[in-house]
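**Student:** The structure's right below; bear with me while I get my questions together.
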Amino acid sequence: MQGLVLKSTGKWYNVELDGGQIVKATIRGKLRIEGLKTTNPIAAGDWVEIEFDDRTGKNNFTSPEIETIEDNSKATKKAKAKKAKRNKERLQSEEEQNELEVEVNYCIKSIVPRKNYIVRKSTNLSKQMQILAANVDHAYLVVTLKSPVTQIAFIDRFLVSAESFRIPTSILFNKVDLFGEDEHLLLEGLTAIYSKIGYACHPISAQNEEDVLFLREEINGKQVMISGNSGVGKTTLVNSLDPSFSLRTGEISSVHEQGKHTTTFAEMHQLQTGGYIIDTPGIRAFGVIDLEKDHIAHYFPEMRALIGACKFHNCKHLNEPQCAVKKAVEEEEISASRYQSYLQLMQEDQSDPYRRNDFV
Ligand SMILES: Nc1nc2c(ncn2[C@@H]2O[C@H](COP(=O)(O)OP(=O)(O)OP(=O)(O)O)[C@@H](O)[C@H]2O)c(=O)[nH]1
Ligand SMILES: [Mg+2]
Ligand SMILES: [Zn+2]
């Protein structure tokens, strides 16, 4: 039978079966996965083939053996050992301790081919990939201009990634109730930039149910994900969308004006008004997965629109003469901050393990 993965702890999975029953499942035996090697082979939003298996049961988790097809190098083995160690450490986390006494009596046999997924690259030296969510119809990026401040570069890196995975995205500017004059001006500027490119922008106060009513309609019938830095109000928003939820939210640290990574695992919630929303843990830095330099401009829709207009067909829009993109930047048709983000991605050396230009 098939089930829909609501939550992945890395150790077990909450899976919704036909008819709405939610069961816990683990991976037994070998799970062969095609494509990317990631830290989490199965993500919230995945459809899986699942079977009842009473050999599992209380506290009887087997370490899943994940095999990425065509990748069995020494480096992979090392990475596996490291991962096993990390998983063990993670077990100590409060959340898993609380949930250890669970019955897990289903096992996952395979993943149903995905419509799409969104991946970020870890910004530490390991450079491992993490699937944030699978089968995403729409992404909502929550941005705050205060408590905490979301970096423009972070916004652009997320959008480039979403474009590369072909996931339509809207921007929710949250915590407008905290805005002073400066933030209102900034909001106006950013809304002008991003809505011109085609990204819907909505100023909201996630605590205010009225402010997010429009989202219930947008989400109905879809499977959407919500992302952004820690503390921007993602979980608060999910709670406002469905008053029957009381998901845990966290204070902002008063010293650093940053969130405290309250949500630790991505989890998909079904809204009473229809549709599924995947609440994800706050991302500190968004490592964009290796993109061909020649393709990066395609993931900036305002640059994509100018393809063919430069003198050279293989123009990289850096220093080439008669470049339509640079002309558009000079004429302020393309925003300087977006072009800056483009330059940063072009200059990034994907292979340099000591690269330090990910944004915190
Ligand atoms: N003033 C104000 N505070 C908000 C708003 N939305 C959320 N908050 C507060 O911001 C803090 C962080 O909210 P969370 O919903 O936990 O943030 P999150 O994005 O889920 O954070 P992580 O789970 O750590 O990624 C909480 O104290 C919320 O009450 C808002 O619109 N206005
Ligand atoms: Mg949260
Ligand atoms: Zn050009």
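**Student:** Here are some pairs, LYS37/LYS316; LYS7/LYS196; LYS146/LYS260; which of them have Cα atoms lying more than 24 Å apart in this structure?
**Tutor:** On the way: LYS37/LYS316 30 Å; LYS7/LYS196 35 Å; LYS146/LYS260 15 Å.
Correct reply: LYS37/LYS316; LYS7/LYS196.
**Student:** For GLN207 and THR273, FRET efficiency with R0 = 22 Å and r from the beta-carbon atoms, rounded to 0.05?
**Tutor:** 0.75
**Student:** Sticking with this one: Can you give the FRET efficiency to the nearest 0.05 for VAL112 and ARG304, using r as the Cβ-Cβ distance and R₀ = 30 Å?
**Tutor:** 0.45
**Student:** Another one. Looking at the range 240-314, which trypsin sites (Lys or Arg not before Pro) are DSSP coil and have at most 14 other C-beta atoms within 10 Å of their C-beta?
**Tutor:** ARG248, LYS260, LYS311
**Student:** Could you give the nm distance between label points at GLU51 and GLU217, where each point is 7 Å from its Cα heading toward the beta carbon?
**Tutor:** In this crude label model, GLU51 to GLU217 measures out at 4.7 nm.
**Student:** Identify the trypsin sites (Lys or Arg not before Pro) of the range 161-217 meeting these criteria: DSSP loop state and at most 14 other C-beta atoms within 10 Å of the C-beta. Spell out each step's value before the answer.
**Tutor:** Numbers: sites: ARG166, LYS175, LYS196, ARG216; in loops: ARG166, LYS175.
Within the range 161-217, the qualifying trypsin sites (Lys or Arg not before Pro) (loop, at most 14 other Cβ atoms within 10 Å) are ARG166.
**Student:** If you don't mind, there's one more thing I want to ask. Determine, from the Cβ-Cβ distance of THR264 and GLU333 and an R0 of 56 Å, the FRET efficiency 1/(1 + (r/R0)^6), rounded to the nearest 0.05.
**Tutor:** Numbers: r = 43 Å, r/R0 = 0.76.
Efficiency, from the Cβ-Cβ distance: 0.85.
**Student:** With labels modelled as points extended 7 Å from the Cα through the Cβ direction, what inter-label distance (nm, one decimal) is found for GLN344 paired with VAL255?
**Tutor:** With each label point 7 Å from Cα toward Cβ, the separation is 2.6 nm.
**Student:** Please give the net charge around THR144, taking every other residue with its beta carbon less than 12 angstrom from that of THR144, where Lys and Arg add +1 and Asp and Glu add -1.
**Tutor:** 0
**Student:** Now for a separate question. Once amide H atoms are built 1.01 Å from N in the peptide plane, which residues 5 or more positions from SER110, or in another chain, come under 5 Å H to H?
**Tutor:** Close amide H contacts, sequence-distant or interchain: GLU49.
**Student:** Another question, then. From the backbone phi of the range 40-47, what are the Karplus-calculated ³J(HN,Hα) couplings (6.51 cos²θ - 1.76 cosθ + 1.60, θ = phi - 60°) in whole Hz, Gly and Pro given as x?
**Tutor:** Per residue, the Karplus-derived 3J(HN,Hα) values read 10, x, 10, 10, 4, x, 6, 9 Hz.
**Student:** Using only the Cα atoms of the range 300-347, each taken as one equal point scatterer with no solvent, compute I(q) by the Debye sum, divide by I(0), and report log10 of the ratio at q = 0.17, 0.22 Å⁻¹.
**Tutor:** Normalising to I(0) and taking log10 leaves -0.42, -0.73.
**Student:** Also, quick follow-up: Along Cα→Cβ, 7 Å out, is where each label goes; now give me the distance between the ones at PHE312 and HIS295 in nm to one decimal.
**Tutor:** 2.2
Since every read-out is calculated from the coordinates, none of them should be taken as a lab result. In this text, all values refer to a predicted model and were calculated from it rather than measured experimentally. Here the Cβ is made from the backbone with ideal geometry for all residues, glycine too, and neighbour counts use every protein chain on show.
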